[in-house]
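To start, the structure under review is shown below, and the notes come after it.
The values are calculated or read from the model by the stated rules, or taken from the named source; none is laboratory data. Fair warning: this is a prediction, and the values are worked out from it, not measured in the lab. No Cβ is skipped: glycine too gets one built from the backbone with ideal geometry, and neighbour counts run over all protein chains shown.
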């Protein structure tokens, strides 16, 4: 049990061990990402650059690779936290920003802006955030019926996702060919060309949300109960669900604005973290670390597997995440069928 002022947090020993292991793996992935590229940089030189010491590889590591890596780390952390919060709120492993329409809203808004001539990378992230928040607001408006039922929230979100995906495809057919190609690349989720300009707003949001995430770490325990049990315990379940989902939506929208909709990270990271820790609730810290690990390794593989061709990181995460999603759907149906039998 950890105490911070008047608050206390229950820490599971296995979750702590898993968090340490994930941190070590992430550190290794970070070093590998900085070392490997068109030219290999020795780990000792990478360390010299990170420590601010003179090095002939300062341009390659410090200017070209490090800003992209920092953006990938922050994007992975944000998506991992977002997925954990939304899945906790919905009590459904299938719920994630990809599924409930947040990333689709961000994508539709960004493609619309590109179609009408707005292609500045300094402005597009804010357009993406606005689109994600607007999509979430639509889901809330349609799903709210005297309260926020988790199952209705997910189903409405899926419907909004389909509608926004159709709108995005329509916009792609109406825009200029070059703009459409640029928009398609962004829609796959890519860290190519990303740097501190995209990382800084995301880092600022993550820092500002730390107090709310500490609240979420405590509040998520109550949201895991069914409605009748939560009411009997005096838990204001609607407020908790709205708070968790708003946090998740904001994180997913800002991450999408930084790198595009990197699909399935928010779906995969919380479920892998929960299975590794065997915790009764999705661990937020381990989900954040797992999200960062998935994005960093995914970007490294996407850059080098088909070198010199560079794939967007979203393509790699989709190749891994889509089969997992199908397996999860089949597993969920099988468990429900077994329970009713």
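Going residue by residue through the stretch 303-318, is there one that turns out to be modelled with pLDDT under 80, touching a helix residue (DSSP H, G or I) at 6+ places or on another chain (Cβ under 6 Å), surrounded by 12 or more Cβ atoms within 10 Å (Cβ to Cβ) and at negative phi? Within the stretch 303-318 (the criterion being modelled with pLDDT under 80, touching a helix residue (DSSP H, G or I) at 6+ places or on another chain (Cβ under 6 Å), surrounded by 12 or more Cβ atoms within 10 Å (Cβ to Cβ) and at negative phi), the answer is no, since none of the residues qualifies.
Comparison of 301, 289 shows that the only residue that is touching a residue at least 24 places away in the same chain (Cβ under 8 Å), part of a helix (DSSP H, G or I) and within 19 Å of the chain's Cα centre (by Cα) is 289. You will find that of 26, 10, 16, the residue that is out of contact with any strand residue (DSSP E or B) (no Cβ under 6 Å at 6 or more places or on another chain) and at pLDDT 90 or above is 26 and no other. Between 94, 118, the distinction of being under 22 Å from the mean Cα position of the chain (by Cα), modelled with pLDDT under 80 and not in a helix (DSSP H, G or I) belongs to 94 only.
Restricting the stretch 163-194 to residues that are assigned to a loop (DSSP other than H, G, I, E, B) and surrounded by 17 or more Cβ atoms within 10 Å (Cβ to Cβ) leaves a set whose member that is nearest to the chain's Cα centre (by Cα) is 189. Whether any residue in the stretch 269-276 is modelled with pLDDT under 85 and surrounded by fewer than 24 Cβ atoms within 10 Å (Cβ to Cβ) is what I want to check. Checking the stretch 269-276: not a single residue is modelled with pLDDT under 85 and surrounded by fewer than 24 Cβ atoms within 10 Å (Cβ to Cβ). Scanning the stretch 201-214 for residues that are loosely packed, with under 14 Cβ neighbours inside 10 Å and closer than 14 Å to residue 74 by Cβ yields 204, 207, 208, 210.
Going by the conditions given, is residue 261 within 11 Å of the chain's Cα centre (by Cα) and assigned to a loop (DSSP other than H, G, I, E, B)? It is true that residue 261 is within 11 Å of the chain's Cα centre (by Cα) and assigned to a loop (DSSP other than H, G, I, E, B). Exactly one residue among 138, 53, 133 is under 25 Å from residue 294 (Cβ atoms) and either in contact with a helix residue (DSSP H, G or I) (Cβ under 9 Å, 6 or more places away or on another chain) or in contact (Cβ under 8 Å) with a residue 40 or more places away in the chain (or both), and that residue is 133.
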